[in-house]
1. Does residue 188 qualify as being under 35 Å from the mean Cα position of the chain (by Cα), surrounded by fewer than 17 Cβ atoms within 10 Å (Cβ to Cβ) and of a type in the set (A, V, I, L, M, F, W, C)?
2. Sort through 172, 107 and tell me the only one that's assigned to a helix (DSSP H, G or I) and surrounded by 11 or more Cβ atoms within 10 Å (Cβ to Cβ).
3. Quick check on region 37-52: of everything there that is touching a residue at least 40 places away in the same chain (Cβ under 8 Å) and assigned to a loop (DSSP other than H, G, I, E, B), which residue is surrounded by the fewest Cβ atoms within 10 Å (Cβ to Cβ)?
4. For region 111-130, state whether one or more residues are farther than 19 Å from residue 23 by Cα, surrounded by 11 or more Cβ atoms within 10 Å (Cβ to Cβ), of a type in the set (Lys, Arg) and in contact with a Pro (Cβ under 7 Å, 6 or more places away or on another chain).
5. Here's a check for you: in region 63-81, which residue that is within 23 Å of residue 189 (Cα to Cα) and surrounded by fewer than 14 Cβ atoms within 10 Å (Cβ to Cβ) is modelled with the highest pLDDT?
6. Sort through 240, 207, 249, 225 and tell me the only one that's modelled with pLDDT of 65 or more and under 27 Å from residue 26 (Cβ atoms).
7. Would you confirm, using the coordinates I've provided, whether residue 151 is closer than 23 Å to residue 117 by Cβ, in a helix (DSSP H, G or I) and small (Gly, Ala, Ser)?
8. So residue 21 fits all but one of (1) out of contact with any helix residue (DSSP H, G or I) (no Cβ under 6 Å at 6 or more places or on another chain); (2) at pLDDT below 85; (3) surrounded by fewer than 15 Cβ atoms within 10 Å (Cβ to Cβ); what number is the exception?
Amino acid sequence: MHLMKNLNLPVCLNDLNSSRMELLEKYALRILEVKGLNPVKSSIMSKLNAIFWITMDSSLTVAILMELFSNNLDIFTAVDNFPAVTTGTKILAKEIGLFTHLQEFRTVINCTKEFWPKDKFGKQIKDKLENIESIGKKFLQIFILSVIAAGSLYMLKPILEGNHSLPIRWVTFCSLEESLSCYIFNYIVQVVWVFFGLSVLVGFDSVFILLLMCGYCELEQIKHVLISMDPDETTDEDGVQLLDLISSVIEQHNRVFKILRYFNKSLSVADAAYASKWWIKSQPKLRKMILLIILRSQRPVEMTAGGVLVLNFETFVAIMKATGSALTFLNTLCDEEE
């Protein structure tokens with residue numbers, strides 16, 4: 001069988017999934033490296049760089065909050081400044097989370113280097129995986145361009161409106177109205193801060209998107225192997241090559257669970273294993289190993305936020321409803337103010 005032959009292909013970690021690692025490097029790790037948050041290239045200097053940016057972002061976020069809760073802001077300005085507060089806290093949370101879990105991210109990324117190469121089981125599955133990667137690449141490009149466009153429009157808002165004001169209201173130690181140099185300085189600082197901050201959002205989210213894509217592709221290969229198995233039903237003896245193949249599948253399955261342990265896509269592996277010839281009475285060792293895959297894959301696990309909120313579609317809908325209610329409340333306040 002071609003699957004058994006492909007099992008003995010020489011494996012070089014530097015050549016494994018080169019295109020996937022290039023995507024991870026280009027769209028995530030290089031961006032995070034700007035702030036010293038690249039998990040793969042962590043050093044003393046990068047950690048100092050990360051601490052500097054975390055301190056800077058914390059200070060600027062506090063400056064925004066101080067201005068937001070000051071008595072000088074009316075309801076319209078406060079609502080207009082609210083996106084800056086949420087974005088600043090989100091950036092800070094992701095920076096701290098990534099900085100405190102660099103080792104875990106590095107372990108997961110290194111785990112993807114041990115995944116099977118795309119061409120291990122033939123051209124058909126290779127073409128399917130390349131199509132998935134192509135879709136993922138286009139999605140990331142659209143995502144990055146959308147973030148850049150949104151950030152640019154937000155920072156150009158005062159110029160487009162013809163106002164002598166900052167895009168983000170924060171505490172300043174000089175008069176923006178009386179000093180042009182003060183206004184220009186604060187404007188430049190905000191532009192730099194916003195785009196460096198957005199780089200963290202893009203890099204952080206891209207890491208998760210690409211890791212999920214790598215795990216998804218590996219699950220597709222595992223399903224392909226399980227469905228394509230054709231054990232000899234005329235003998236009661238376990239085939240050595242087939243046992244080696246199943247052992248390799250179990251090993252890869254465990255690697256995927258390191259990345260997708262909170263992702264329900266793992267249940268599809270149980271379906272693929274069930275579709276194989278696990279029911280044959282001959283070759284009992286092979287049968288037990290496949291049943292082990294089915295049992296492990298049928299244990300659904302869910303991603304949670306702090307162990308409190310389950311991150312699924314229902315939670316997303318609930319958050320959107322709450323956001324809509326809050327927006328309606330703010331609009332009502334604005335109407336009453338008018």
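The values are calculated or read from the model by the stated rules, or taken from the named source; none is laboratory data. What you see is a predicted model, and the numbers here were worked out from it, not measured in a lab. All Cβ positions, glycine included, derive from the backbone under ideal geometry; neighbour counts span all protein chains shown.
1. yes
2. Step by step, each of 172, 107 is checked, and only 107 is assigned to a helix (DSSP H, G or I) and surrounded by 11 or more Cβ atoms within 10 Å (Cβ to Cβ).
3. 40
4. no
5. Step by step, filter region 63-81, then rank; the result is 66.
6. 207
7. Taking the combined requirement at face value, the residue does not satisfy it.
8. Every condition holds for residue 21 apart from (3).
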